[in-house]
1. Taking the Cα centre of the chain as the origin, how large is its charge dipole in debye, to the nearest 20, when only Lys and Arg (+1) and Asp and Glu (-1) carry charge on their Cβ atoms?
2. First check a/c for region 377-437, with a ≥ b ≥ c the square roots of the eigenvalues of its C-alpha gyration tensor; if it is under 1.5, answer rounded, and if not, answer prolate when a/b is larger than b/c or oblate otherwise.
3. Largest first, what is the accessible-area ranking of 28, 413 with a 1.4 Å probe?
4. Evaluate E = 1/(1 + (r/R0)^6) for residue 289 and residue 378, where r is the Cβ-Cβ distance and R0 equals 22 Å; express this FRET efficiency to the nearest 0.05.
5. Can you give the accessible area of residue 346, probe radius 1.4 Å, in Å² rounded to 10?
6. At a 1.4 Å probe, what is the % contribution of carbon and sulfur to the accessible area of region 275-412?
7. When the accessible area of region 61-173 is split by element with a 1.4 Å probe, what percent falls to carbon and sulfur?
8. Using DSSP to call loops (not H, G, I, E or B), can you name the trypsin sites (Lys or Arg not before Pro) in region 276-366 whose Cβ has at most 10 other Cβ atoms within 10 angstrom?
Amino acid sequence: MKARDVKVVLCGGIRTPIGHFSKSLSAISPEHLLMLTINALLAKTTLYPHAVDGVMAGWVGQGSHAPNIARIAVLLSHLPEKAHAVTVQANCVSGLEAISSAARHIVMGEGDVYIAGGTESMSSFPYAIRGDRSMKELRSLDMVRANWSSLLDHEGINVVDCIEEGLNDPIRNLNMAATAEVCAQLYSIDRKSQDAYALETYSRCLAAENAGFYASHVTPVEAHGEKLLDKDEYPYLRESLVKKPEMLSKAPALFDHSSFSIARFYELYGKYITGKQYAEGQTHATVTLFNSCARSDGAAAVIVASEKRAKELGLEILAEIVDWGYWGNDPAYMGIAPVFATANALERAGLSFDQIDLIELHEAFAATCLSIFKVGHEKYSHDWEGKWKDGKLNPNGGSIPLGHPLAATGTRIVLNALYQMKQKPEIRYALATACAAGGLGGAMIIQKYR
């Protein structure tokens, strides 16, 4: 088995608008979101369906209704039956890993043209009955129905919300917002700094929307002849927050209420906040809904191809994949994983941080972004904050104002990078990087195609 010496390129992409949780896209299944995205990509480009060797698709909320959702999307869309299909689950870096997987297939000579991306419908995450089928109450659906009224009275049987369960780390028993608060407390990231970061990314996103940046690679979602959503949902919320920034400061902190105070937070999770102790009247909760990314629905896809085949097909080549890196750290601090994944990718690529002209960073929380700035500088002397202040990091806003459709986000940040590179000829190297539950980080470096 030999790897080919082949240049792997990105030939444009597209995504759906990002819908807010339980709103405009809530009735569209993740497989149909992916199918719509694939068909829109085919319609947008010169790629003809039979040229596609496979689909690599991320999906975090994997359910039994669409086993191997990549294959389901192939069969629902205009793609040929021959196309290979692989579904990726690496939490929030799934959309990046899908692109890496497509590149690996090309390098190994398994194919030359892949569609890679991710899809998510958090609005359709189910509730689940947990328990094993050795219990007679769970041996069949008929038995479940017959015992429905008393089901939860049985020891060993419970009903869970798959969103809450999925967003909780089972190793450290921290939900994702709690990991952000841990970082905020550990690295002394105060509420004012987080809200200031959030306000800036909302402002940048609003300006990009008004300038038509996202219109270049967002396709409307329609169902039964009706347009459900043609732009990222709730632009008026972004506009309101920019016009009335006091809304940010007035938002309640997630860990500052009667049922779960910051004091209680320290009792449970203080062991992860090394060197810090709770001090009455001096320790404050900082993470809010407005300085965090929102639960969302959406899909995104990009064409990954060998340079030779892309040219044969007349595809518009936007960038070359230089290299990537994935890295794991303690799940309690999952938000800082991009620091280490980026260092790994830079080392593999033989590049310095200063050579990166554009960074697209998944904004899980303002707290984690600001922690990355601090840890990246301390560990590697990487000036993330300088890139942010110079408008070279998330110049068009990020996940906080747009939302976070889990597996689609890794591909969404690559799309942001591609179309910003297309607009700005001075950009040579771009980095797309994200954190993920479980303490994973992913980073991909791309170079403008010349």
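The values are calculated or read from the model by the stated rules, or taken from the named source; none is laboratory data. Only a predicted model underlies this, so the values are computations on that prediction, with no experimental measurement involved. Note: ideal-geometry Cβ built from the backbone for every residue, glycine included; neighbour counts use all protein chains shown. What goes into the accessible areas is simple: the full protein's heavy atoms, side chains included, and nothing from ligands, DNA or RNA. Shrake-Rupley method; radii C 1.70, N 1.55, O 1.52, S 1.80 Å.
1. Details: 43 positive and 49 negative charges, 135 e Å.
Roughly 660 debye for the chain.
2. Values: a/c = 1.77, a/b = 1.10, b/c = 1.61.
Verdict is oblate for region 377-437.
3. Values: 28 20, 413 0 Å².
Reading off the accessible areas and sorting them downward yields 28, 413.
4. Values: r = 29 Å, r/R0 = 1.32.
For R0 = 22 Å, the calculated efficiency reads 0.15.
5. Probe radius 1.4 Å; accessible area of residue 346 about 10 Å².
6. On the way: 2150 of 4770 Å².
Here it works out to 45 percent.
7. Details: 2960 of 5830 Å².
Reported share for carbon and sulfur atoms: 51 percent.
8. Numbers: sites: 276, 295, 308, 309, 311, 348; in loops: 276.
The qualifying sites: there are none.
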